[in-house]
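Encoded as structure tokens, the structure appears first; notes follow it.
The values are calculated or read from the model by the stated rules, or taken from the named source; none is laboratory data. Because the structure is predicted, anything quoted here is derived from the model rather than measured. Note: ideal-geometry Cβ built from the backbone for every residue, glycine included; neighbour counts use all protein chains shown. The protein model used for the area step is the full one, side chains on, heavy atoms only, and it has no ligands, DNA or RNA in it. Shrake-Rupley method; radii C 1.70, N 1.55, O 1.52, S 1.80 Å.
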Amino acid sequence: MTVDPSAPYKTRVKQALADDKLHTALERATTRLSGKRALSVAAIDLGPLRDEARAIREHAIRRLPELLEQLEHNLIANGCQVHWAATAAEATDIVSAIAQQHGVRRAVKSKSMTTEEIRLNQALEGDGIEVVETDLGEYIIQLAGEPPSHITAPVVHKRAEDISELFQRELGMPPTTDPGEMCAAARRQLRGEFLAAELGISGCNFAVAETGTVCIVTNEGNGRMVTSLPQVYVAVMGIEKVVPRVEDAILLWQAVARSATGQDVTVYFSMSSGPRRRGHADGPEEMHVILLDNGRSRILERGYADALLCVRCGACLNACPVYREIGGHAYGDSAYSGPIGAVVTPLLADRPATARELPFASSLCGVCRDVCPVKIDLPRLLLDLRHDMIRLGTSTRSEKTAIRVYTGAAERPLRYQRLSRIARWFMQLMPRNGDGDVSKLPPPLSSWTRSRVFPRLAVPSFRELWRARRSRDTTSGDA
Amino acid sequence: MTERSTASRDRILRRLRSSLSGSQPPFRDSVEPDLPDPPMTVYPPSERLSLVESFGVNLSELSGSFELAHRERDVAERVAQKVAEWIPNGEHKTTEVLSWAPSELHVARLEQTLAELDVSLFVPDDLAELQVRDRAASLEVGITGVEAAFASTGSVVLTPAPGRSRAAALLPLHHLILVPLSRIYAEFEDWLQRLRQQGRLEALVRESGQIAFITGPSKSADIELNLTLGVHGPKVVHAIVFDDTQ
């Protein structure tokens, strides 16, 4: 990994842009994912599906407290143990306590962004528990000691060659770049882990309030392993994941599959409603569900309810021209990257230092909004966040000064004219590129030209043109 | 629930309620869209193919395979054929396969016929027991029935029950699915609607512990989006559809 997620924003972006291997991997993957999604949506009329998915999610968020209470009631009636966690630390403490109570030494996990968000692996490893990621992509990056760089395709930043090298080193696999052989090596290794682990941990794609059910979407089958084989199963879910009815979960599952990978449905969709039943051959003896807030209620409070609609499909990442250039790690050490990451990371705000600039890491082109299966207006949210930052005074001193100077000029026509005349004269002295745009400015303006050109000021100016035209019109009118 | 968990619960719910009852509506568009009425059908209706054909074609497109047994008594023979094809085992040596209880497979005389064809069924009753688990994990074929199957996607849904282990569709490399014709629906929504009307949907979801929709073999595209099969679950999925309506 050449991008350091904990480095400052500009450094991260520079590292990402300089990494040729990352570019190859990102281009191969995001192009294919976007293409597959496009094919899949072309096969059906996506309009009604998006409208219905949106209506379901919006209905749920508008009734979040009632649905959570109903969910809790039904989970308990099904024999589950329900825990509430206001913060990441509370959630990891709860899992730690469950693990300790059962003397857990080994835990297997299916892919979950929520547990990445709360850094569950680090917490459990701190307790001396071995935690094994079992999604193939997550397993690869766990071996490499890296965080995921994509919501649904965590290893999108690695080429097959990189993965082969890693498996040869860590698993003693013979040299090959054949994905089938690499996959078989991982299957052998992970099968043993599934059968030995005492604890299974998953996230939650949707939870059905009317039945008390946690739903997981996977393609590999690791979700079913994790929820069926270990004696104790813990699901960690963000409080926004609840939906009212069984039918809603089935519809959203199909919307997520189409948006994420262009599949009609994923290979597996598991709906767990409690521990092993009497007389059944398998299933966990205990099922725990942790309802996690960790800033979600604040998102609602601050007026960003739209962000809570997200079903974590990753379509906005694959489509985003910025993500496609810099990849997930350049968004910092948050679990969420891309357009949706740029919105939720500063709002969850456990790590504001790496998140501050994220709302600005967008050209606001709007393609993320167009591909979103629940029609989240991401550009609008990004603009609102920028606005909030100015209002809350979190912008830098140089930004404030620049805006003050501009306001001072723009509010007074005479001063504006005089200043723009000076600026034009000044710009003519600066180095230019072939198009006549200014390619280099002295400090502090150099921070602009370091990453882009400054458009050349028009000669003659609009005001001069306007004046000339007015006098011409007056003259011809007189004739 | 611990004291801290209860305190967090109250705090979270209070906070959500105060945000939602505030003067500012949670969404820009203050008119709430109606919750859609089931069935919410994703697929355009297809009349070109019969349900069985659609189911088979769609499953095959997803790297699964399928065959039709016109008579129920052919089923056992076809099962034995597939097992022999997957696990070549020489003359008159019995192959053990992981299975649901014969009573859950709805094929008359299945176990007896299979025994004559050198296939024996292992039906685990408790996979928490180490010996049972090891034995189940060592088998290469799993046989299950279905709660329902769906033509538009080639999916099946399995509901665990006594005699119906989750493991049979999960641990072995090969999954053999026995699908009675009467259980094939056009779409998920048809099945859901029927259960809903009969008042059985909620109970089915809750009482089975875990219901699982399965569509083709286990797969991953994590390595540069190259499709690889059999990552964790079965690599080979074969459905035998048989006519149980006669």
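Do we find a residue being touching a Lys or Arg at 6+ places or on another chain (Cβ under 6 Å), of a type in the set (Gly, Ala, Ser) and away from every other protein chain (no Cβ under 11 Å) anywhere in the range A:339-358?
no
State the number of residues belonging to the range B:87-121 that are over 21 Å from the mean Cα position of the chain (by Cα) and hydrophobic (A, V, I, L, M, F, W, C).
Going through the range B:87-121 one residue at a time, the tally reaches 6.
For a quick check of your reading of the model, give me the residue pairs whose first member lies in the range A:109-125 and is closer than 15 Å to A:ALA235 by Cβ and part of a helix (DSSP H, G or I), whose second is open to solvent by less than 20 Å² (accessible area, probe 1.4 Å) and charged (D, E, K, R), with beta-carbon atoms closer than 7 Å and at least 6 apart or on different chains.
Short answer, once both residue conditions are applied: A:THR115/A:LYS109.
Select from the range B:111-139 the residues that are in a helix (DSSP H, G or I) and among the small types (Gly, Ala, Ser) and write down the one among them that is farthest from the other protein chains (Cβ to nearest Cβ). Full working, then the answer.
To start, the set of residues in the range B:111-139 that are in a helix (DSSP H, G or I) comprises B:111-116, B:130-138.
Right, trim to among the small types (Gly, Ala, Ser) and you get B:115, B:136-138.
Numbers: B:ALA115: 22, B:ALA136: 9, B:ALA137: 6, B:SER138: 11 Å.
For the range B:111-139, the residue satisfying everything is B:ALA115.
So which helices (runs of 4 or more DSSP H) are wholly in the range A:130-222 and hold at least 1 residues that are surrounded by 24 or more Cβ atoms within 10 Å (Cβ to Cβ) and in contact with a Phe, Trp or Tyr (Cβ under 6 Å, 6 or more places away or on another chain)? It would help to see each step written out before you state the result.
Numbers: elements: A:136-144, A:160-171, A:179-196.
Filter on the range A:130-222 gives A:179-196.
Give me the helices (runs of 4 or more DSSP H) completely within the range A:1-66, filtered to those with at least 2 residues that are within 13 Å of chain B (Cβ to nearest Cβ), more than 22 Å from the chain's Cα centre (by Cα) and at pLDDT 85 or above, ordered by residue number.
Filter on the range A:1-66 gives A:46-62.
Within the range A:271-312, restricting attention to residues that are charged (D, E, K, R) and facing chain B (nearest Cβ under 7 Å), which residue is most open to solvent (accessible area, probe 1.4 Å)?
A:GLU301
I need the full set of residues from the range A:452-467 which are open to solvent by 90 Å² or more (accessible area, probe 1.4 Å), of a type outside the set (Phe, Trp, Tyr) and either at pLDDT 80 or above or out of contact with any Gly (no Cβ under 6 Å at 6 or more places or on another chain) (or both), in order please.
If the condition is that a residue be open to solvent by 90 Å² or more (accessible area, probe 1.4 Å), of a type outside the set (Phe, Trp, Tyr) and either at pLDDT 80 or above or out of contact with any Gly (no Cβ under 6 Å at 6 or more places or on another chain) (or both), then A:ARG452, A:VAL459, A:ARG463, A:LEU465, A:ARG467 are the ones that fit.
Quick one: in the range B:11-53, which of the residues that are within 17 Å of A:ALA91 (Cβ to Cβ) and charged (D, E, K, R) is least open to solvent (accessible area, probe 1.4 Å)?
It comes out as B:ARG15.
Pairs needed: first member in the range A:148-159, of a type in the set (Lys, Arg); second member anywhere, assigned to a loop (DSSP other than H, G, I, E, B); C-beta distance under 7 Å; at least 6 residues apart or different chains.
A:ARG159/B:GLU224
Can you report the number of residues in the range A:225-248 which are of a type outside the set (Gly, Ala, Ser), over 16 Å from A:GLU138 (Cα atoms) and not in a loop (DSSP other than H, G, I, E, B)?
Residues in the range A:225-248 being of a type outside the set (Gly, Ala, Ser), over 16 Å from A:GLU138 (Cα atoms) and not in a loop (DSSP other than H, G, I, E, B): 14 in total.
Taking the residues in the range A:365-420 that are assigned to a loop (DSSP other than H, G, I, E, B) and of a type in the set (A, V, I, L, M) as candidates, determine which candidate is farthest from the chain's Cα centre (by Cα). Even if it seems obvious, please write down each step before you answer.
So the first thing to find is which residues in the range A:365-420 are assigned to a loop (DSSP other than H, G, I, E, B), and the list is A:365-366, A:372-377, A:392-396, A:411-412.
Next, from what is left, pick out any that are of a type in the set (A, V, I, L, M): A:374, A:376, A:392.
Values: A:VAL374: 15, A:ILE376: 13, A:LEU392: 24 Å.
My answer is A:LEU392.
Here is a check on your reading of the model: is A:VAL371 open to solvent by 10 Å² or more (accessible area, probe 1.4 Å), touching a residue at least 60 places away in the same chain (Cβ under 8 Å), over 21 Å from A:ILE239 (Cβ atoms) and touching a Ser or Thr at 6+ places or on another chain (Cβ under 8 Å)?
yes
So which strands (runs of 3 or more DSSP E) stay within the range B:140-246 end to end and still have 3 or more residues that are closer than 22 Å to B:ALA101 by Cβ and more than 7 Å from chain A (Cβ to nearest Cβ)?
B:141-144, B:155-158, B:174-180, B:236-242
What number goes with the only condition from (1) more than 7 Å from chain B (Cβ to nearest Cβ); (2) open to solvent by 10 Å² or more (accessible area, probe 1.4 Å) that A:ALA255 does not pass?
Evaluating A:ALA255 over (1) more than 7 Å from chain B (Cβ to nearest Cβ); (2) open to solvent by 10 Å² or more (accessible area, probe 1.4 Å) leaves (2) as the failure.
Determine the pairs where a residue that is under 30 Å from B:SER220 (Cβ atoms), located within the range B:63-86, has a partner that is polar (S, T, N, Q) and open to solvent by 50 Å² or more (accessible area, probe 1.4 Å) with Cβ atoms under 9 Å apart, the partner being 6 or more residues away or on another chain.
Correct list of pairs: B:PHE66/B:SER60.
B:ALA203 passes all but one of (1) open to solvent by 10 Å² or more (accessible area, probe 1.4 Å); (2) out of contact with any Leu (no Cβ under 8 Å at 6 or more places or on another chain); (3) in contact (Cβ under 8 Å) with a residue 12 or more places away in the chain; which number fails?
So B:ALA203 meets the others, but not (3).
Looking at the structure I just gave you, is B:SER120 under 23 Å from B:THR245 (Cβ atoms), modelled with pLDDT of 95 or more and not acidic (Asp, Glu)?
No, not satisfied.
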